[in-house]
1. Let me check against my output: what whole-number percent is the relative contact order of the range 1-58, with C-alpha pairs under 8 Å and at least 6 apart?
2. If you scale each eigenvalue of the Cα gyration tensor by 5 and take the root, what three semi-axes come out for the range 259-362, rounded to whole angstrom and sorted largest first?
3. Using Cα atoms only, what is the angle between the long axis of helix 101-113 and the major principal axis of the chain, expressed in degrees (0 to 90) to the nearest 10?
4. Contact order normalised by length for the chain, with contacts defined as Cα pairs under 8 Å and 6 or more residues apart; what percent is it?
5. Report, in degrees rounded to the nearest 10, the 0 to 90 angle that the Cα long axis of helix 259-279 makes with the longest principal axis of the chain.
6. Could you work out the helix-only [θ] at 222 nm for the chain, with each DSSP H run of four or more residues adding -39,500 (n - 2.57) and the total divided by the number of residues, to the nearest 500 deg cm²/dmol?
7. Give the value in nm², to one decimal: projected area of the alpha carbon convex hull of the range 4-89, averaged over all directions.
8. With a 10 Å radius around each residue's Cβ, average the other Cβ atoms per peptide and rank 212-221, 296-305, 73-82, highest first.
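No value in this document is a laboratory result; all are computed from the given coordinates. None of these values were measured; they are calculated from a predicted model. We place every Cβ from the backbone using ideal geometry, glycine too, and count neighbours over all the protein chains shown.
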Ligand SMILES: *Cc1c(COP(=O)(O)O)cnc(C)c1O
């Protein structure tokens, strides 16, 4: 098999160790003679996986006892709606900070449920930065304050979370959860589709502070109430057992790597390598995000012309670099370097970028 470098935006690279362990017990899980996919979600071997994954996540993110960890389905996209259904009381307002397409969607879905408000937005300048709101005092009319911690498509990321008083801070962390230590106590609710930094698609992690659930939700469907899943430990109905099994493998790997602080250090080093090429390229590569809002997970950049972008992506593909095409809404290039992308892949990308620039300059005297 040829060497490939996986920079897919999501679903994306998984740790090789996690895949190999899954492979080794794929058809005989824990001496059951069956795959983990073939056994009851109420069986002991599965339950062990399920509760271990919850425990590991609590440990790695230092989640306090007042919080519950849920494994749900429907992706981060269902959470756009579900959080509004469960938290947006009539007469109250859901506040949104718009920093990209995902926060726009979250805002739009909540607007179908109740009253919403855009507190700030960086749309006018192409979502190149995160508006600075160090603190925000809500009042009794505010149900919550919602942010998107990392903007997967535009390549921006909060360097510091705003301090919200009086109402819970809610974050879509789909593309940077577990990439660094965070102070969970700043948040009322965090949600993340697993397919970027946590595992395969199919499971969505929700971390929720139980006391924020004040709204009367008796009229909404049972399966859409957070309380239902809290009471059933995410076993109300059949959970995506294989996705949770893989999530557990990924969490085990993160722990073996030394936890979130070691992972964060590695992530900084990885991103630094690529941003450095962009910054030292005399404008040959143009970063999309402003320097103070740069994401360590998704690095977005353009070459000077559409033609050069196309050439670069083609050369990259020929050399085994996968997934570098920017999102269709912004174009250009994007390198997604989530936790599982190894340092070597980032070094290889840096070398490719340097090589390509040199060759383009000699052939076209740019
Ligand atoms: C990928 C992504 C989503 C969408 O996730 P689904 O699980 O496909 O619904 C939402 N928000 C962010 C920040 C994402 O990166």
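1. Contact order relative to length: 13 percent.
2. Equivalent ellipsoid of the range 259-362: 22, 14, 13 Å, largest first.
3. Roughly 30 degrees between the two axes.
4. Once divided by the residue count of the chain, the mean separation gives 23 percent.
5. 30
6. Result for the chain: -11500 deg cm²/dmol, rounded to the nearest 500.
7. 8.6
8. 296-305, 73-82, 212-221
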